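One structure is given below, encoded as structure tokens.
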Amino acid sequence: MPPPSSGGIALAQMLTMFEQFKKPLWGSTAHLHLVAEIEKRVFADRSVYGGDPDFIDVPVKELVDPAYCKRRAAEVNQTARTDPSTIQAGTFAVAPPTVQKPRHETNHTTHFSIVDKHGMAVSNTTTLNDAYGSGIVVTGAGFLLNNEMDDFSAKPGARNMYGVTGGEANSIAPGKRMLSSMSPTFVFKPDGRLWLILGTPGGPTIFTSVFQVITNKIDYGMSIGEAVNAPRFHHQWPPSDDGDSIRVDQADGQRFDASTLKALESLGYTLKKSDGIGDVQAIEIDGRRAIGAPDRRNIGRAERE
Ligand code: DON
């Protein structure tokens with residue numbers, strides 16, 4: 001997903017960084033620590049460079065450049081935490097352009113795409129932001145107004161309702177679009193065939209959840225159902241009084257080993273228990289079969305016509 005979502009950039013960065021390491025045992029302390037360290041760096045970049053490309057030049061090419069991601073991955077110590085307060089957004093060999101772009105007026109069109117029996121696919125995420133958006137229904141029209149303003153950075157360093165921070169790149173301006181984390185995603189086989197279709201709600205946990213499902217499939221050999229329903233975890237960087245905190249799933253049937261969690265605490269992480277991170281709906285295309293994988297964390301389900 002391109003800007004103004006951060007999802008596509010963040011997902012590409014996470015996958016390239018993760019690729020640099022020998023894969024730790026799934027669900028081990030080393031696994032959660034490695035991904036948390038990657039996430040801290042990705043969220044630090046997001047907070048400085050993420051924003052509406054109609055207004056700022058998002059250095060997409062630079063951020064997803066494999067050489068840059070390898071450099072960032074090399075900062076990770078696999079056995080010790082980097083304190084979030086010492087992590088900054090990355091810098092590039094050649095500074096990306098910083099000119100304010102003129103706004104183009106393209107607010108008159110709504111587009112939907114449709115899936116057909118030939119395997120043409122759609123991955124679509126849409127958001128009101130928080131539950132019921134702003135809580136205001138348009139009289140006579142019957143739909144809710146969103147509260148998407150919260151996805152902007154109200155002021156540099158201030159956290160939004162999901163606890164993420166941002167700066168000038170994602171400041172509020174007339175007609176500007178806010179920075180999203182939505183990541184409707186297609187994953188293709190090396191021969192170009194479509195393989196996975198997935199996405200989820202969950203604010204900033206969106207791209208970290210999509211990342212985990214993809215790596216659960218590719219690196220840990222899980223079935224699509226297992227990959228979606230395995231416990232998840234999330235780190236989103238900004239230094240805080242809570243310390244270096246990782247959110248971990250505690251939903252029924254979706255728990256990490258107590259020993260993994262204890263060892264993370266010994267490394268110095270603060271653990272925040274969550275009733276369920278994300279709500280991934282995924283499809284795996286296996287030859288002529290489409291395998292639907294709804295998330296048990298919520299009410300989603302797979303249907304076939
Ligand atoms: O675009 C975004 O990143 C947020 N507005 C998404 C909010 C969301 O997923 C809320 N659901 N849990």
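Key figures for this structure:
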quantity	calculated
Selection within segment 149-162 - more than 14 Å from the chain's Cα centre (by Cα), surrounded by fewer than 22 Cβ atoms within 10 Å (Cβ to Cβ) and part of a loop (DSSP other than H, G, I, E, B)	152, 154, 155, 156, 157, 158, 159, 160, 161
Extreme residue, farthest from residue 56 (Cα to Cα), among residues of segment 166-213 that are of a type in the set (Phe, Trp, Tyr) and in contact with an Asp or Glu (Cβ under 9 Å, 6 or more places away or on another chain)	195
Condition met for residue 208 (within 16 Å of the ligand (Cβ to nearest atom) and of a type in the set (S, T, N, Q))	yes
Subset of segment 269-304 (residues that are among the β-branched types (Val, Ile, Thr), in a loop (DSSP other than H, G, I, E, B) and under 15 Å from residue 32 (Cα atoms))	277
Positions within segment 127-146 being more than 9 Å from the ligand (Cβ to nearest atom) and either in a loop (DSSP other than H, G, I, E, B) or within 16 Å of residue 3 (Cα to Cα) (or both), in sequence order	132, 133, 134, 135, 136, 138, 139, 140, 141, 142, 143, 145
Any hit, segment 5-20, residues being touching a helix residue (DSSP H, G or I) at 6+ places or on another chain (Cβ under 9 Å), within 16 Å of the ligand (Cβ to nearest atom) and of a type in the set (D, E, K, R)	no
Breaking point among (1) away from the ligand (no atom under 11 Å from the Cβ); (2) more than 30 Å from residue 289 (Cα to Cα), for residue 178	(1)
Residue within segment 286-295 that is of a type in the set (Lys, Arg) and touching a residue at least 60 places away in the same chain (Cβ under 8 Å) present	no
Matching option when the condition is within 25 Å of residue 285 (Cα to Cα), of a type outside the set (A, V, I, L, M) and out of contact with any His (no Cβ under 6 Å at 6 or more places or on another chain), among 239, 231, 204	231
Sole residue being surrounded by fewer than 20 Cβ atoms within 10 Å (Cβ to Cβ), touching a Phe, Trp or Tyr at 6+ places or on another chain (Cβ under 9 Å) and charged (D, E, K, R), chosen from 257, 252, 244, 286	286
Pair list, Cβ < 7 Å and 6+ apart or interchain, from segment 195-215 residues that are in contact (Cβ under 8 Å) with a residue 12 or more places away in the chain to residues that are within 16 Å of the ligand (Cβ to nearest atom) and aromatic (Phe, Trp, Tyr)	203/162; 204/162
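Computed from the coordinates by the stated procedures, all read-outs in this text should not be read as laboratory data. Quantities reported herein were computed from a predicted structural model and do not represent experimental measurements. Please note: Cβ atoms are built from the backbone with ideal geometry, for glycine as well, and neighbour counts cover all protein chains shown.
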